[in-house]
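Here the structure comes first, spelled out in structure tokens, and everything after it is commentary.
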There are 2 protein chains.
Amino acid sequence: MQGPPRRSPVSTPRIAVVGGTGPQGKGLAYRFARHGYGVVLGSRVADRADEAAAAIRERLPEADVTGAANADAAAQAGLVLLAVPYDGHDELVASLADALAGKVVVSCVNPLGFDKQGPYGLPLERSAAESAATLVPTARVVGAFHHVSAVTLWGEADYLDHEDVLVCGDDVDAKQQVIELARTVTGRDGVDAGRLRLARQLEPLTAVLISVNKRYKTRSGVAISGLDH
Amino acid sequence: MQGPPRRSPVSTPRIAVVGGTGPQGKGLAYRFARHGYGVVLGSRVADRADEAAAAIRERLPEADVTGAANADAAAQAGLVLLAVPYDGHDELVASLADALAGKVVVSCVNPLGFDKQGPYGLPLERSAAESAATLVPTARVVGAFHHVSAVTLWGEADYLDHEDVLVCGDDVDAKQQVIELARTVTGRDGVDAGRLRLARQLEPLTAVLISVNKRYKTRSGVAISGLDH
């Protein structure tokens with residue numbers, strides 16, 4: 001499987017990263033920009049988004065990375081990544097409904113809890129990705145990028161080629177776009193994990209990885225065996 | 001990391017596989033026996049367990065593999081693997097409470113549902129492994145072996161060395177025993193995934209793998225990146 005071109009074709013949509021100043025959002029934005037995509041980081045406060053964009057441009061001087069308030073960022077993009085904490089997720093998504101309508105919306109949100117025994121998946125009736133789909137019914141919601149470590153994303157390795165990006169969604173074309181976008185992270189297509197409801201399984205798996213990280217003092221990720229790549 | 005010796009030391013406890021005639025139980029029993037453990041397969045009907053044991057001995061003529069009714073099998077063993085369908089799980093475990101008391105009990109049970117959209121994790125308050133721990137409070141319950149394909153287990157490869165066995169549990173010594181037992185499957189230690197409650201995440205992940213199997217026509221498994229093995 002071939003990696004992506006270093007510069008994206010003209011038709012590539014600009015990507016917005018809502019929550020782009022958090023470690024996961026900034027790390028993924030760095031990967032998208034590093035492999036040729038134009039990116040607009042969103043934050044509650046536009047100035048903070050500008051700062052994060054400047055930090056990425058410092059490492060990638062030729063990259064097309066800017067900052068904006070979340071709603072403005074989402075409005076500028078054809079594909080919007082939600083990289084926000086689960087706490088407050090539904091209210092934020094509802095507030096962005098107009099800007100998200102009709103777009104490919106990628107959720108990497110992990111609804112986790114932490115207590116003295118460590119991390120765990122919050123018991124929910126539906127995943128964060130399904131909540132976004134319910135709140136913005138015209139959005140083409142895809143779940144992906146839950147399991148890649150923010151530290152590794154922000155690192156210097158060209159690709160996280162020992163990991164897989166698991167992608168779930170009910171809109172086949174939107175899912176395929178995200179499967180291809182995963183090449184910017186792993187150097188190969190993401191893995192089609194199935195229907196959007198399987199985000200209920202993908203999101204809390206991050207609790208297991210955090211637990212492994214603590215036990216083994218590492219930055220773990222997930223790979224799927226039995227595939228030809 | 002070294003693989004296990006071909007014959008287990010004298011002190012190795014005999015392993016019972018409750019549900020040993022199902023594909024997952026039989027496949028795991030085959031792996032345990034292939035790498036030196038004595039195994040007793042359990043089934044509701046002892047004759048069926050005998051047949052499954054004979055099928056394993058046909059492939060491993062020197063192996064110590066026998067069959068028995070589930071309760072008799074559990075009573076003979078120091079370590080008991082629960083490899084039964086989730087439907088009827090709680091009733092079966094409750095009926096075996098005496099034979100399971102005080103023992104290391106390993107659950108590879110996957111509470112899944114299937115409908116026209118494919119497989120999904122059943123929405124549960126607690127995992128199958130946690131249910132077993134609640135039903136038999138003295139049992140030292142460990143969750144493991146959820147994600148290895150029955151077909152691959154029954155295959156001829158010496159080890160499933162592209163996969164990891166994720167192991168969770170609250171009893172540190174019991175968990176360590178199962179981490180070492182995983183060597184019979186993958187040729188290396190299982191991965192300590194954390195507390196028993198994380199079985200809530202491990203068990204339904206199998207729905208994702210079944211979905212991947214269908215999409216890619218393969219037998220997928222899980223590997224954890226970022227570990228030194």
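The values are calculated or read from the model by the stated rules, or taken from the named source; none is laboratory data. What you see is a predicted model; the values in this text were computed from it and never measured. Note that each Cβ is placed from the backbone with ideal geometry, even for glycine, and that neighbours are counted across all protein chains shown. For the accessible areas, the whole protein counts, side chains as well, though only heavy atoms, and no ligand, DNA or RNA atoms are used. Shrake-Rupley method; radii C 1.70, N 1.55, O 1.52, S 1.80 Å.
Calculated on the alpha-carbon coordinates, the convex hull of the range A:166-218 measures out at 71 cubic angstrom per residue. Note: relative contact order over chain B, using C-alpha pairs below 8 Å and six or more positions apart, is 18 percent. Considering the range B:62-194 at the alpha-carbon level, its Rg and Dmax are found to be 15.1, 45 Å.
Stokes-Einstein, applied to the Kirkwood radius of the range B:130-229 over Cα pairs at a viscosity of 1.002 mPa s and 20 °C, places its translational diffusion at 151 µm² s⁻¹. In the context of the full protein assembly, A:Tyr30 retains an accessible surface of approximately 0 Å², using a probe radius of 1.4 Å and ignoring ligands and nucleic acids. Percent of Cα pairs in the range B:9-81 per distance bin of 5 Å, from zero to the largest separation: 4, 22, 34, 27, 12, 2, 0.
Scanning chain A for the beta carbon that comes closest to the axis linking it by rotation to B yields A:Ala223, 2, distance in whole angstrom. When its C-alpha radius of gyration is set against 2.2 N^0.38 Å (N residues), chain B gives a value of 0.93. Taken over the protein assembly as shown, the alpha-carbon convex hull comes to 134 cubic angstrom per residue.
Give me the net charge for the shell around A:Gly221: Cβ to Cβ below 13 angstrom, other residues only, Lys and Arg +1, Asp and Glu -1. Surrounding charge for A:Gly221 is -3. Across identical copies of the chain, A:Asp50 has label-point separations of 8.3 nm, listed in ascending order, with the point defined 7 angstrom from Cα along Cα→Cβ.
Once every Cα of the range B:96-164 carries one equal point scatterer and solvent is ignored, give the base-10 log of I(q)/I(0) from the Debye formula at q = 0.17, 0.21 Å⁻¹, two decimals. Reported log10 I(q)/I(0), two decimals: -0.81, -0.96. Rounded to the nearest 100, the interface formed by chains A and B buries 3000 square angstrom of accessible surface, both chains summed, with a 1.4 Å probe.
In nanometres and ascending order, the distances from the B:Arg215 label point to those of the other copies are 2.7 (point 7 Å from Cα along Cα→Cβ). Loop-located GluC sites (Glu not before Pro) in the range B:124-222 (DSSP state other than H, G, I, E, B) with a sparse environment of at most 11 neighbouring Cβ atoms within 10 Å: B:Glu125, B:Glu156.
The convex hull defined by the C-alpha atoms of the range A:4-126 has an orientation-averaged projected area of 8.8 nm².
For A:Val17, the residues whose amide H sits under 5 Å from its own are A:Val40, A:Leu41, A:Gly42, A:Leu81, ignoring neighbours fewer than 5 places away on the same chain, with H placed 1.01 Å from N. Residue by residue, the range A:19-28 carries 3J(HN,Hα) couplings of x, x, 9, x, x, 5, x, 5, x, 5 Hz when phi is fed to the Karplus relation 6.51 cos²θ - 1.76 cosθ + 1.60 (θ = phi - 60°); x denotes Gly or Pro. Compactness check for the range B:66-111: Cα Rg over 2.2 N^0.38 Å is 1.07. Distances from B:Ala157 to itself in the other copies, using label points 7 Å out along the Cα-Cβ axis, amount to 2.1 nm in increasing order.
Per residue, the solvent-accessible area of the protein assembly as shown (1.4 Å probe, heavy atoms of protein chains only, all protein chains present) comes to 41 Å². Per residue, the convex hull spanned by the Cα atoms of the range A:82-134 amounts to 73 cubic angstrom.
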